[in-house]
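Below is one structure, written out as structure tokens; comments come after it.
Please treat every number below as a calculation from the coordinates, not as lab data. In this text the structure is predicted, and so the values were computed from the model without any measurement. FYI the Cβ positions are ideal-geometry reconstructions off the backbone, even for glycines, and counts take in every protein chain you see.
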Amino acid sequence: MGRKFAYSYDREDFLGAYDTPEQAFAEAVDRMEGLSSPPTTIYIGMIVEPDPQAADHAQNIIEAMNRRAHVDFGESASRYLKKVTPAQVKELDEALAATIFDWLRKNSLMPTFVSVRAVREYPAAFPGEGAIARAETDEVHDIGSVEQTTDGY
């Protein structure tokens, strides 16, 4: 997924996944016109895809294999996997990550959460930009006028 952007009115609950910050802002403005209490600020942030934590497990697995062998076979297994090179650890990490990713996808267990970073704050435009101009021609002005007498009645 390429860069995506989301909007929020409270900087906590972000909505949407738009290709540009401008698209996210435009959608936020469109949506706020229907709100009973329009916000004064719109927050736009970049969506960061989650890390499924599939990488960097090789060293822990090698150490666990060594401990288990030591428990099962005693001191004679103490040197087991002690001379694994960094290149071998990297090779195992890549193979494990690929296997974990495949397993997550196959079982529909990929993370569905995201985070939003690089949040910017923008003042919200007055909803219904032409509302004031429309108000000058609405029926309120067509009701008529009241004449007031000088004695207050």
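Using Cα positions and a limit of under 20 Å, work out the lysines in reach of residue 90, with same-chain residues fewer than 8 apart set aside.
By straight Cα distance, residue 90 reaches 82.
Would you calculate the separation in nanometres between label points at residue 64 and residue 106, each defined as 7 Å from the Cα along the Cα-to-beta-carbon direction?
Roughly 1.8 nm, to one decimal.
For the stretch 52-92, give the magnitude of the charge dipole about the Cα centre (Cβ charges: +1 Lys/Arg, -1 Asp/Glu; no others), in debye to the nearest 20.
120 debye
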